[in-house]
1. Only residues that are within 24 Å of residue 373 (Cα to Cα) and not in a helix (DSSP H, G or I): list them for segment 272-291, please.
2. Would you mind finding the one in 155, 197 that is under 17 Å from the mean Cα position of the chain (by Cα), in a loop (DSSP other than H, G, I, E, B), assigned by TED's automatic domain parsing to the domain that holds residue 399 and of a type in the set (A, V, I, L, M)?
3. Which condition breaks for residue 262 when tested against (1) within 30 Å of residue 422 (Cα to Cα); (2) out of contact with any strand residue (DSSP E or B) (no Cβ under 8 Å at 6 or more places or on another chain); (3) crowded, with 21+ Cβ neighbours inside 10 Å?
4. How many residues does segment 116-143 hold that are buried (at least 22 other Cβ atoms within 10 Å of the Cβ) and of a type outside the set (D, E, K, R)?
5. Looking at (1) within 25 Å of the chain's Cα centre (by Cα); (2) assigned by TED's automatic domain parsing to the domain that holds residue 240; (3) surrounded by fewer than 15 Cβ atoms within 10 Å (Cβ to Cβ), which is the one condition that is false for residue 352?
6. Assess whether residue 371 counts as being touching a residue at least 60 places away in the same chain (Cβ under 8 Å) and in the same structural domain as residue 256 (by TED's automatic domain parsing).
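The values are calculated or read from the model by the stated rules, or taken from the named source; none is laboratory data. Just so you know, these numbers come straight off a predicted model, no measurement behind them. Reconstructed Cβ throughout: ideal geometry from the backbone, glycine too, with neighbour counts over all protein chains shown.
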Amino acid sequence: MCTNENKGCCNCGRPSENGVTTYVWWHADNAGNQLQRCLQTYGIPASGASVPVVILSDGYGSGKPDFGGSDPGAPAGAADRYGFAVFALSPALRNGTRLADGGAVGGFGLEFGSQAVVNDTHPTPCSVADSRDIPYITAVLDLVAGAATLDDEKVFVSGFSQDSMFAAYTAVCFAGRIKGVWQGGSGMARNSHAPVVPGLEGNCARHDFLQHGSDCCAEHFCTGCKYFPIYPKTCGNTLIDCLMTYEGDGLACGADANMYEAMVAEGNDARLVLFPGGGHSAPPSSWAWQVGCLGVTDACSAGCEAAFSSCVGASPDASRFAACESQMHNGDFAASGCTLGCAPTLPMLSLSIAPTKTVLSAGKFGTTTGLTVGPTTVTHTTCTLGTYGPFGPARGNGGCTPPSGRTPPDFSIRPPDSICASKSDKTNSPPSTPDASSTPSPAASPPTTGAACTTRCAARRRRRWARDLRT
């Protein structure tokens with residue numbers, strides 16, 4: 001646990017004030033450099049029954065020990081309301097400096113595998129050699145497994161946009177230890193296909209983008225790239241993937257369908273929800289959608305659903321939904337069978353915002369089963385900022401111009417099942433990947449002094465990135 005003596009450049013939480021407990025440790029990256037890691041946690045019970053865990057990707061942050069207090073729209077408020085613990089992954093620190101990739105992705109600091117070169121030969125770049133964050137995530141999951149009050153059978157990862165891409169990367173890499181992922185405003189990018197993500201991943205290797213910027217397609221188009229952030233080859237581990245996107249999201253509408261198709265092809269449980277209008281943002285009552293879709297807690301009963309629907313009324317109303325949700329969690333609907341912390345069902349959530357399309361590959365939503373089983377592929381016709389698919393006159397190329405005569409990869413060809421023979425039971429990385437037992441303790445790496453700690457303004461980076469997306 002983080003203390004003034006061992007914190008190095010981590011920001012220690014204040015458990016007695018805001019309930020945040022921070023963990024700190026060091027490990028070597030794939031070049032042998034010592035990295036300091038910080039993990040912010042909230043809601044780990046001191047005793048009693050074990051609770052689910054939701055792990056947030058926070059690649060733009062610097063490990064701030066704050067989960068937003070009691071606001072139900074904040075992670076801490078949602079954790080209190082639904083009864084789960086929440087963790088936040090943050091970028092590594094090397095010699096007191098926060099690591100980041102820079103470029104159009106706004107200084108995102110969690111490292112995707114294999115320089116974003118993902119293909120049928122190397123679909124799951126999940127080894128220590130692929131990403132400096134594999135030992136970090138391994139240690140986080142080991143912390144969960146070693147805590148008596150955390151349920152290591154109910155671990156979920158979540159994020160929005162680029163953080164959502166990293167959440168998907170994490171979930172697939174550790175599909176034997178993670179139950180589900182919420183991908184808000186993202187999906188899977190495909191080589192030579194729209195939509196194109198801001199860092200041009202799927203079309204450019206990471207180092208080429210950092211060197212050439214938006215010219216990397218013309219200067220050094222990645223012929224070895226096929227997918228981004230990862231291909232969901234989960235090797236017999238069934239993963240839940242909740243994909244939630246607006247029709248007006250030019251970065252994700254269509255990319256969600258790509259990931260849905262790949263998830264289903266690999267035997268995973270994909271749950272796609274497309275919302276009308278909007279843009280690159282999460283839906284209202286986002287935490288309710290996440291908890292309800294993933295099944296973080298058990299679904300509300302039929303009686304509770306009826307009482308809640310009566311409270312909101314016949315027409316979707318996000319404000320009314322939020323008010324009725326507060327009433328439900330205050331116990332006002334207990335007589336109707338609403339247990340505290342129950343997860344909203346799809347009909348309940350649709351009273352916040354009615355989806356344009358809901359496709360459930362296994363006929364499941366949360367812990368509700370027996371719903372209509374969706375098709376193996378999904379085609380959107382209502383993406384309002386352009387169609388998706390192979391580059392061409394009708395779709396454009398999102399600022400990526402491949403060399404002339406370039407033939408897009410054949411996406412009917414998938415990574416072979418033989419790849420799974422080299423994977424371990426608990427991760428999609430080779431069995432030689434070290435676990436947390438090989439991670440140096442803080443005593444083995446003296447803390448960096450506070451004066452040497454440097455972090456850039458993450459909020460300013462996010463604002464600049466959002467502005468660039470709008471323009």
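1. If the condition is that a residue be within 24 Å of residue 373 (Cα to Cα) and not in a helix (DSSP H, G or I), then 272, 273, 274, 275, 276, 283 are the ones that fit.
2. Details: 155 fails: in a loop (DSSP other than H, G, I, E, B).
Criteria check complete, one pass: 197.
3. (2)
4. Selection size over segment 116-143: 15.
5. (3)
6. Working: touching a residue at least 60 places away in the same chain (Cβ under 8 Å): no; in the same structural domain as residue 256 (by TED's automatic domain parsing): yes.
Considered against the rule, which asks whether it is touching a residue at least 60 places away in the same chain (Cβ under 8 Å) and in the same structural domain as residue 256 (by TED's automatic domain parsing), residue 371 comes out as no.
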